[in-house]
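The values are calculated or read from the model by the stated rules, or taken from the named source; none is laboratory data. Just so we're clear, the structure is a prediction, and the values are computed from it rather than from any experiment. Please note: Cβ atoms are built from the backbone with ideal geometry, for glycine as well, and neighbour counts cover all protein chains shown.
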Amino acid sequence: MPSAGRPCVRVVFSGWFWNRPETGSGQYIRRLVDALARTDTGIRMNVLVPSGSLGKCAGVQAVSNGPLVSRPARATNLGKLWWEQVTVPTVARSLGCDLLHVPYWAPPACTTLPTVVTIHDIIPRVLPAYRGDLRVRLYTAFVSAATSRARLVLTDSQASREDIMRHLQVNPERVRTVPLAVGPEYTSRPSTDDAQIRASMCLPDLYLLYLGGFDIRKDLKTALSAFQIVQRSLPGVALVIGGKLPETDTPFTPDPRRIARDLGLPPGTVRFPGFVPEAHKPALYRGARAFVFPSTYEGFGYPLLEAISCGIPVVASSTSSLPEVVGRAGVLLDIGDIDGFAGALIQLLSDDAFHSEISQRTVEQAGSFSWTQTATQTLAAYHGVV
């Protein structure tokens, strides 16, 4: 039954990323749908995923309050656009839903359905280096204009909300902040297979950790330069840089292996385990002494929440959304402050009392994020729209 005093809400989700859980948008829709189903049994959900030939309504699967097993076809740019602008609103309308929720920045430009769109960030509008070629710029301009047709915009952080209002000229009353959360596997409680997982990656006993992407805004040069200073004071520590490494070393995706060589860091002091499966991430976090994240811009900063949920102090930039996620669970520094990053890491490595104090704060900070809270706030947004 629906919650007391509220009618059932029928929601259709655009599930373009449903079968791509390795992406942030894929994780978001899966976890949100699951949390909504557990939070309020009155909500009725259909998740639409493309299958077969993109853009054909006959290829759409509609699944109500249940898992999907199909895998979407490999998208073309035109196929993706057709899915977002034609297939999803057409099928959603045929299902008789109360509203359409597009869980990433791709609202339909023309639909009579009340639409909620989640915009995790607007990086192509904020950072010139991410504006891409003509096709990307045209797509960004199109979805920017289409955003004005959405009944409500959800976003992950107050920083992103302010960016959306400023760059997309959306009325503040139509932009709502609903923070994200992590799964229960991200906890400070050790798992029995933690040591085995870390051993399979040949990790040392004492290490600092970075886990994330390698595009230019991640600023791995600051992390490696700071680690160079750490190494001089504490030569027994290693820096583990996890994630799928760039295939080519470019100004947009600088290869951290080349940066480490240029800095003259001793061989073996920087470890590159490569892509880390989701199931192995918690063990990697829990084994680290501290997490370093010098990113210059984030819509939310998911790796930071994963780290503090595992009880690991973080050292990060004090920019965009990062202070909202970190709170008092780490040390926040100016962008590119190499000496500051190095000093904070050295203190976390050598001062047990300081490390313990920050670790205690991670428990409190991580506790302020939960998928139940995310689902409750999202459901309230639905009812406001309906």
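Observations on the model:
- Counted residues, the range 147-192 - those being in contact with a strand residue (DSSP E or B) (Cβ under 7 Å, 6 or more places away or on another chain), crowded, with 17+ Cβ neighbours inside 10 Å and charged (D, E, K, R): 3
- Each residue in the range 300-337 was checked for being surrounded by fewer than 21 Cβ atoms within 10 Å (Cβ to Cβ) and under 13 Å from the mean Cα position of the chain (by Cα), and 1 of them qualify.
- Which listed residue, of V276, V270, V237, is surrounded by 24 or more Cβ atoms within 10 Å (Cβ to Cβ) and either within 30 Å of G132 (Cβ to Cβ) or out of contact with any Cys (no Cβ under 7 Å at 6 or more places or on another chain) (or both): V270
- Out of T87, T112, sole residue that is among the β-branched types (V, I, T), surrounded by 20 or more Cβ atoms within 10 Å (Cβ to Cβ) and closer than 21 Å to V47 by Cα: T87
- Number of the condition not met by K221 [criteria: (1) over 29 Å from E364 (Cα atoms); (2) assigned by TED's automatic domain parsing to the domain that holds E22; (3) among the charged types (D, E, K, R)]: (2)
- Yes/no for T374 being at pLDDT 95 or above, assigned to a helix (DSSP H, G or I) and outside the structural domain of Y207 (by TED's automatic domain parsing): yes
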